[in-house]
Amino acid sequence: MSHVFHRNLHQDYPTAVQGDGPYIVDREGRRYLDASGGAAVSCLGHSDEAVAQAIKDQVSRLAYAHTSFFTSEPMEQLADFLIERAPAGLDSVYFVSGGSEAVEAALKLARQYFVEIGQPQRKHLIARRQSYHGNTLGALATGGNAWRRQQFEPLLINVSHVSPCYAYRDQQPDETPEAMGVRLAAELEAEILRLGGENVMAFVAEPVVGATLGAVTAVPGYFTRIREVCDRYGVLLILDEVMCGMGRTGSLFAAEQEGVTADLITIAKGLGAGYQPIGATLVSQRIRDAIANGSGFFQHGHTYIGHATACAAALAVQQAIESRDLLTRVNVLGEGLQARLGERFANHPHIGDIRGRGLFQGLELVADRDSKRPFDPALKLHARLKKAAMAEGLMCYPMGGTLDGRQGDHILLAPPFMLEGSHLDEITDRLGRAIDTTL
Ligand code: PLP
């Protein structure tokens, strides 16, 4: 018996022992093509020599220095690198160890900002239904995914939720995409007014929704209108790019393609690409200035924030993406993947929608294409699909539909940026076989 308290105590896991480009090899020598980057993490695959060398160099020089005593070269360099490339207005970076922590930091920075500028009544947060922002209690409370929240409900802070921007299911028959964006921005405004514009602290959303909906992009203009509504009431906009950021959708920050900037942006997975655990919250100048001109102290320190080796790894990852021109590759490969998924699944009786941007693609499964009726969640299709894909030597990221029928099961694909075209064929073939044996 394993003494590890595994994620799922009813499941057996193969033992991963070796990385080989986009493959993970287990102890029995089986190879798994990583078509989901784990959970949209491993954007450089699993055996990048340049990143491994950067980690070795940093560890042998200085592995770690507690940030209450020191700053460090890799932390300063990584912050410079990110801010030079970040959307306008963001000017400093708070480093943490992962995505949930980045969201927690964003929530507390938003709160502290308003306390420091004399608006302590701003404590309400608005997020979207069917969203996921992490599993720590504040981040979990922010998310609107009922299944993840329900058993922890009494412990969660009160957040209100508005509709996600989910055209496949929620665009009305007589509505243009633009009109849908206007309607959803009006819904946010109505919620702000219900709470009292002077009481709302922030609105939180993922530019491209990953885990909960499966690579759902917003309709054109949605985020511009959301930004306008936030600005009208002095509400901060927090964009959660933990999954969709760092090149995954073809630009370093997904917000760039929406033409908006944010007051706070959270990043994590692709930042360190799995080579080290790291996340970060990018902070706008006005929030930083308010705290710098006030208490000067953000009461949030964790032991491992700004970990020197993690920062060195992330810097090497980001430099590799840039020097190897991998964002161009994400766009080209993304089109190739979408085309192959279309050829293979567009007429499949149980694939209702194929969507996404860059190397962030999703397929939504439905029991019936015409009515878009999801499969019964009790079938646990996502778990069966994951098992079938692993048996085919493929890692993909299926998620369950909701009990209320608001969304179907879906499969998220988020492969490494350094694939070859032949890997795209391999992904589509193996996925096709896994779907056929499951449905
Ligand atoms: N935010 C988003 C959008 C995510 O997709 C995730 C994880 O999937 C998180 C936050 C939490 O990140 P982590 O698992 O690194 O804590």
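The values are calculated or read from the model by the stated rules, or taken from the named source; none is laboratory data. Bear in mind the structure is a predicted one, so any value in this text is a computation, not a measurement. Counting neighbours? That spans all protein chains shown, and the Cβs are built from the backbone with ideal geometry, glycine included.
Does Ala79 satisfy the criteria of being assigned by TED's automatic domain parsing to the domain that holds Glu241, surrounded by 11 or more Cβ atoms within 10 Å (Cβ to Cβ) and either among the aromatic types (Phe, Trp, Tyr) or over 26 Å from the mean Cα position of the chain (by Cα) (or both)? Against the criterion (assigned by TED's automatic domain parsing to the domain that holds Glu241, surrounded by 11 or more Cβ atoms within 10 Å (Cβ to Cβ) and either among the aromatic types (Phe, Trp, Tyr) or over 26 Å from the mean Cα position of the chain (by Cα) (or both)), Ala79 does not qualify.
This table checks each residue for (1) under 22 Å from Val219 (Cα atoms); (2) of a type in the set (A, V, I, L, M); (3) in contact with a helix residue (DSSP H, G or I) (Cβ under 8 Å, 6 or more places away or on another chain).
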residue	(1), (2), (3)
Pro374	no, no, no
Glu392	no, no, yes
Pro398	no, no, yes
Asp404	no, no, yes
Ile427	no, yes, yes
Thr437	no, no, yes
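Which residue is farthest from the ligand (Cβ to nearest atom), if the candidates are limited to the range 218-253 and must be among the polar types (S, T, N, Q) and surrounded by fewer than 24 Cβ atoms within 10 Å (Cβ to Cβ)? Step by step, filter the range 218-253, then rank; the result is Thr224. Within the option set Val200, Val208, Val182, Val162, being surrounded by 14 or more Cβ atoms within 10 Å (Cβ to Cβ), β-branched (Val, Ile, Thr) and within 15 Å of the ligand (Cβ to nearest atom) holds for one residue only, Val208.
Suppose we filter the range 303-338 for residues that are assigned to a helix (DSSP H, G or I) and among the basic types (Lys, Arg); how many remain? Residues meeting the conditions: 1.
The residue that is nearest to the ligand (Cβ to nearest atom), counting only those in the range 111-121 that are in contact (Cβ under 8 Å) with a residue 24 or more places away in the chain and surrounded by fewer than 24 Cβ atoms within 10 Å (Cβ to Cβ), is Arg111. For the range 69-78, does any single residue satisfy the condition of being without any contact (Cβ under 8 Å) to a residue 40 or more places away in the chain and either within 16 Å of the ligand (Cβ to nearest atom) or among the basic types (Lys, Arg) (or both)? No, because not a single residue in the range 69-78 is without any contact (Cβ under 8 Å) to a residue 40 or more places away in the chain and either within 16 Å of the ligand (Cβ to nearest atom) or among the basic types (Lys, Arg) (or both).
Would it be correct to say that Asp263 is in contact with a Cys (Cβ under 9 Å, 6 or more places away or on another chain), more than 16 Å from the ligand (Cβ to nearest atom) and in the same structural domain as Leu195 (by TED's automatic domain parsing)? In short, yes. Would you confirm whether or not the range 22-45 contains a residue that is away from the ligand (no atom under 16 Å from the Cβ), at pLDDT 95 or above, closer than 25 Å to Val204 by Cα and touching a Lys or Arg at 6+ places or on another chain (Cβ under 7 Å)? No - not one qualifying residue is present in the range 22-45. Screening the range 4-95 for strands (runs of 3 or more DSSP E) wholly inside it with 1 or more residues that are aliphatic (A, V, I, L, M) and out of contact with any helix residue (DSSP H, G or I) (no Cβ under 9 Å at 6 or more places or on another chain) returns the ranges 16-20, 23-26. In this entry, Gly214 passes the filter for residues that are within 15 Å of the ligand (Cβ to nearest atom) and modelled with pLDDT of 95 or more. Residues in the range 29-68 that are without any contact (Cβ under 8 Å) to a residue 40 or more places away in the chain and among the charged types (D, E, K, R): 3 in all.
Within the range 21-65, being touching a Gly at 6+ places or on another chain (Cβ under 8 Å), surrounded by fewer than 19 Cβ atoms within 10 Å (Cβ to Cβ) and not aliphatic (A, V, I, L, M) holds for Gly21, Arg30, Arg31, Gly38, Ser47. Of the set (1) within 16 Å of the ligand (Cβ to nearest atom); (2) small (Gly, Ala, Ser); (3) surrounded by fewer than 21 Cβ atoms within 10 Å (Cβ to Cβ), all apply to Ala290 but (1). Considering the conditions (1) buried (at least 17 other Cβ atoms within 10 Å of the Cβ); (2) within 30 Å of Asp57 (Cα to Cα), Thr328 is excluded by exactly one of them, (1). Screening the candidates Ser92, Ser100 for the property of being surrounded by 15 or more Cβ atoms within 10 Å (Cβ to Cβ), under 24 Å from the mean Cα position of the chain (by Cα) and within 16 Å of the ligand (Cβ to nearest atom) yields one hit, Ser100.
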